[in-house]
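Enquirer: Below is one structure. I have some questions about it.
The values are calculated or read from the model by the stated rules, or taken from the named source; none is laboratory data. As the structure is a prediction and not an experimental result, all values here were calculated from the model. We place every Cβ from the backbone using ideal geometry, glycine too, and count neighbours over all the protein chains shown.
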Ligand code: ADP
């Protein structure tokens, strides 16, 4: 490794040493692909390896929120997440360091366990309201988690209302935000789920299995919400293997109204994709909004 490169990683290695109580000196560094937002790296001293994501210093809050989410998910002991080690800033970067996991190809049995374990996470109780202890991000968009007593209010205002306002500022032609909020509140009025601790951004790139066949979820955008929101997102971009849904439904069958709510829940992510990437996501969001207001 070049000296200049070593200098960049030394302050992060020092913080890892402090957090683990064991001296850690970087001897090997390997870039890791597949992420959407951050520069990802495997840092190793030849013995131990850590997974580290870095970004500009202003993104430190994003890593703080990710570390807290991983800690909370880890503490439930329901489904595996990488154990966070530390997060913070150096002169030039913000970063998060976590346990390194070796991913492999999960077979059907592993995906069935993923479903069962996600259901166990969703059953876990810990909040009386919907929201979270701080705002976080979905992709790089702010995700507002103001504690709210009812799910219809939370989802209508903090999820769709917020993204719709952003989308309009980006030039999207969408119906009146207050009207959309009112219709969503009305549509969800009879639906009173328990607050479940959600992954929050559960597309296929954020679910994997270790080489030992253990299901893992990564890169969360956690909040307390309706479990159906996690399930809906698994179906948004192609879906998870059938074994996953079998496992989930055996552990905790989905409510009969889920298929009707799915498109509404995914409207949040479609609007977010419009806000991040523009393009055809705008017409996809318009179609769902039209059906909603019909
Ligand atoms: P981003 O925040 O940029 O979207 P991710 O958290 O999705 O980045 O991570 C990028 C990629 O790194 C993932 O697709 C996965 O392949 C790999 N990865 C994520 N977490 C770990 C980990 N704890 N150990 C090993 N590889 C990981």
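Enquirer: Taking the range 212-240, which residues are part of a loop (DSSP other than H, G, I, E, B) and surrounded by fewer than 19 Cβ atoms within 10 Å (Cβ to Cβ)?
Expert: Across the range 212-240, the qualifying residues are 212, 213, 214, 237, 238, 239.
Enquirer: For the range 218-241, how many residues meet the condition of being within 14 Å of the ligand (Cβ to nearest atom) and touching a helix residue (DSSP H, G or I) at 6+ places or on another chain (Cβ under 6 Å)?
Expert: So the answer is 4.
Enquirer: What is the number of the single condition among (1) within 15 Å of the ligand (Cβ to nearest atom); (2) farther than 27 Å from residue 200 by Cα; (3) surrounded by 19 or more Cβ atoms within 10 Å (Cβ to Cβ) that residue 52 does not meet?
Expert: If we test residue 52 against (1) within 15 Å of the ligand (Cβ to nearest atom); (2) farther than 27 Å from residue 200 by Cα; (3) surrounded by 19 or more Cβ atoms within 10 Å (Cβ to Cβ), just (2) comes out false.
Enquirer: Please specify each residue of the range 41-59 satisfying the condition of being touching a strand residue (DSSP E or B) at 6+ places or on another chain (Cβ under 9 Å) and either closer than 25 Å to residue 144 by Cα or assigned to a loop (DSSP other than H, G, I, E, B) (or both).
Expert: The answer is 45, 46, 53, 54, 55, 56, 57, 58, 59.
Enquirer: Further, regarding this structure: Could you grab me the full set of residues in the range 118-140 that are more than 16 Å from the ligand (Cβ to nearest atom) and buried (at least 22 other Cβ atoms within 10 Å of the Cβ)?
Expert: Listed by number, the residues that qualify are 118, 119, 122, 130, 132.
Enquirer: Go through the range 223-248 and count every residue that is in contact with a strand residue (DSSP E or B) (Cβ under 9 Å, 6 or more places away or on another chain) and more than 16 Å from residue 123 (Cβ to Cβ).
Expert: Matching residues across the range 223-248 total 4.
Enquirer: Please find, within the range 35-48, the residue that is nearest to the chain's Cα centre (by Cα) out of those that are under 17 Å from residue 5 (Cα atoms) and surrounded by 15 or more Cβ atoms within 10 Å (Cβ to Cβ).
Expert: 40
Enquirer: Scan the range 63-113 for residues that are under 18 Å from residue 213 (Cβ atoms) and within 12 Å of the ligand (Cβ to nearest atom) and jot them down.
Expert: If the condition is that a residue be under 18 Å from residue 213 (Cβ atoms) and within 12 Å of the ligand (Cβ to nearest atom), then 80, 81, 82, 99, 100, 101, 102, 103, 104 are the ones that fit.
Enquirer: Would you point out which residue out of 289, 264 is out of contact with any strand residue (DSSP E or B) (no Cβ under 9 Å at 6 or more places or on another chain), farther than 27 Å from residue 127 by Cα and part of a helix (DSSP H, G or I)?
Expert: 289
Enquirer: When you check residue 171 against the structure, is it crowded, with 22+ Cβ neighbours inside 10 Å, more than 30 Å from residue 104 (Cβ to Cβ) and in the same structural domain as residue 107 (by TED's automatic domain parsing), yes or no?
Expert: no
Enquirer: Please work out which one of (1) in contact (Cβ under 8 Å) with a residue 40 or more places away in the chain; (2) surrounded by fewer than 20 Cβ atoms within 10 Å (Cβ to Cβ); (3) closer than 30 Å to residue 133 by Cβ; (4) more than 10 Å from the ligand (Cβ to nearest atom) is the condition residue 58 fails and give its number.
Expert: Looking at each condition in turn, residue 58 falls short on (1).
Enquirer: Looking at the range 21-34, which of its residues are free of Cβ contacts under 8 Å to residues at least 60 places away in the same chain, more than 17 Å from residue 5 (Cβ to Cβ) and within 14 Å of the ligand (Cβ to nearest atom)?
Expert: 33
Enquirer: A further question on this structure: Please state which of the following conditions residue 209 fails to meet, knowing it meets all the rest: (1) within 24 Å of residue 257 (Cβ to Cβ); (2) not in a helix (DSSP H, G or I).
Expert: (1)
Enquirer: Sort out which residues of the range 6-17 are under 19 Å from residue 57 (Cβ atoms) and touching a residue at least 12 places away in the same chain (Cβ under 8 Å), and write them in order of number. Give the derivation first.
Expert: Residues of the range 6-17 under 19 Å from residue 57 (Cβ atoms): 7-16.
Selection gives 8, 9, 10, 11, 12, 13, 15, 16.
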